[in-house]
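Here's the structure we're looking at; comments come further down.
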Amino acid sequence: MKIAETIAEARRLREGLPGPVGLVPTMGFLHDGHLALIRRSRAENSLMVVSVFVNPAQFGPQEDFKTYPRDIERDLKILARENTDIVFLPSVEEMYPPGFDGWVDMGKIARRLEGASRPGHFRGVATVVAKLFNIVQPTKAYFGQKDAQQTIVIKKMVADLDMNLKVVTVPTVRETDGLAISSRNAYLNTEERQAAAVLYRSLCLGQQLWAEGEKGAGKIREQMTAFIQSEPFTTIDYVSIAEPETLEEMAVVKTPALVSLAVRIGKTRLIDNVVLE
Ligand code: PAF
């Protein structure tokens, strides 16, 4: 396994190796959700590149950039065990040198849901992912369904800007009680961790109501909202039933539909989703 800390080094290592290249962009603190992406990439490509970069541009001024969990020693051990060929581990200065001022703005879909709650978030995500694609030139890049809107924004960026790669969405990995695995779960105390199972349970409730014949999106949102509010420590940011390409809210549920939510459990903001199809 080779470690590249500069863009020049990453390019040099990548150029020497032929065949399909899989890229898994991460912010480190690797967990089973990342492992699902890494193993899929390993299985589908002859060369696997994983980037580890906590991207300051996608965090708001009041968000957790400074305290975001990091453990690079552990990450490198995991990546070596998973037969990673190249780890790209740039510094903030390498990715955003003085004078940097070129941003990727993905328009309307980047301002809905997560984008409405976290202004500028997808500008930061799209910019860093575009840079990673340009540096690594992957054949395929791997993202988790848990961050559904992120994957939608990146797929649209690839289509709109004619980028030459395939974006692969990998299913969400869950704990036994259904909680989607996320680095931010590490912030939860024992009681909050128990309460956090309400996110997936409410998504299952939405799915069940729809399967039983309820097609009013407002009614489903209402029942999901009441269910989440019945759990202590919860503050709802949004509960959405939207068209999966435009992210426009639906009045009547038509498939496929993306049911997604963002809920604070104590101070920790968690997101999750399911697709009705
Ligand atoms: O999903 C993440 O971990 C990040 O948003 C990503 C895609 C690595 C960009 O910084």
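Please report the projected area of the range 196-277's Cα convex hull averaged over all directions, in nm².
So the mean shadow area of the Cα hull is 4.7 nm².
Taking neighbour Cβ counts within 10 Å as the exposure measure, how do F143, F227 sort from fewest upward?
On the way: F143 21, F227 17.
Taking fewest neighbouring Cβ atoms as first place, the list is F227, F143.
Using DSSP to call loops (not H, G, I, E or B), can you name the GluC sites (Glu not before Pro) in the range 79-180 whose Cβ has at most 15 other Cβ atoms within 10 angstrom?
Values: sites: E82, E93, E94, E114, E175; in loops: E82, E175.
Sites meeting the loop and neighbour criteria: E175.
Given the DSSP H assignment, sum -39500 (n - 2.57) over each helix run of at least 4 residues in the chain and divide by its residue total; what's the result at 222 nm in deg cm²/dmol, nearest 500? Present the calculation step by step, with values, prior to reporting the outcome.
Working: 10 runs with 102 residues, N = 277.
-11000 deg cm²/dmol, from helical runs alone.
Among all the lysines, which ones have a C-alpha under 23 Å from K131's C-alpha, if same-chain residues fewer than 8 places away are not counted?
Candidates past the 8-residue exclusion: K2, K66, K108, K140, K146, K155, K156, K166.
Semi-axes of the range 110-201's equivalent ellipsoid from the Cα gyration tensor, sqrt of 5 times each eigenvalue, largest first, rounded to whole Å?
Details: eigenvalues 167, 46, 26 Å².
Whole-Å semi-axes of the equivalent ellipsoid: 29, 15, 11.
Expressed as a rounded percentage, what relative contact order does the chain have, with Cα pairs under 8 Å and six or more residues apart? Write out the running numbers ahead of the final one.
Numbers: 477 pairs, mean separation 47.5, N = 277.
Averaging sequence separation for qualifying contacts and normalising by length gives 17 percent for the chain.
Report the trypsin sites (Lys or Arg not before Pro) located in the range 15-66 that are in a DSSP loop and have at most 16 other Cβ atoms inside 10 Å of their Cβ, or state none.
Qualifying residues, ordered by number: K66.
Just need the relative contact order of the range 107-261 here, percent rounded to a whole number, with Cα pairs under 8 Å and 6+ apart.
Values: 164 pairs, mean separation 26.2, N = 155.
Normalised by residue count, the contact order of the range 107-261 is 17 percent.
Two-decimal Rg/Rh of the range 1-50 from alpha-carbon positions, Kirkwood Rh?
Numbers: Rg = 11.4 Å, Rh = 11.7 Å.
Value, to two decimals: 0.98.
What fraction, in whole percent, of alpha-carbon pairs in the chain exceed 24 Å separation?
Numbers: 19488 of 38226 pairs.
When all Cα pairs of the chain are counted, 51 percent exceed 24 Å.
Please identify the trypsin sites (Lys or Arg not before Pro) of the range 67-105 that satisfy two criteria: DSSP loop assignment and at most 15 other Cβ atoms within 10 Å. Which are they?
Numbers: sites: R70, R74, K77, R81; in loops: R70.
Loop-located and lightly packed - R70.
Regarding the range 165-211, what whole-number volume in Å³ per residue does the convex hull of its Cα atoms give? Please list the in-between numbers first.
Details: hull volume 4.6 nm³, N = 47.
In the range 165-211, the Cα convex hull volume per residue is 99 Å³.
How high is the FRET efficiency from N189 to D32, r the C-beta distance, R0 30 Å, rounded to 0.05? Present the calculation step by step, with values, prior to reporting the outcome.
Details: r = 21 Å, r/R0 = 0.70.
With R0 = 30 Å, the Cβ-Cβ based efficiency is 0.90.
Can you sort E212, E249 from fewest to most other Cβ atoms within 10 Å of each residue's own Cβ?
Details: E212 7, E249 15.
If I rank by nearby Cβ atoms, fewest first, I get E212, E249.
Taking only the alpha carbons of the range 42-159, what extent do you get along each of the three principal axes, in Å, biggest first?
Here the spans come out as 39, 32, 29 Å, largest first.
Taken together, the values in this text are just the output of simple stated rules run on the coordinates, not laboratory data. Given the structure is predicted, the values throughout are model-derived calculations rather than measurements. Every residue, glycine as well, gets a Cβ built from its backbone with ideal geometry; the counts of neighbours run over all protein chains shown.
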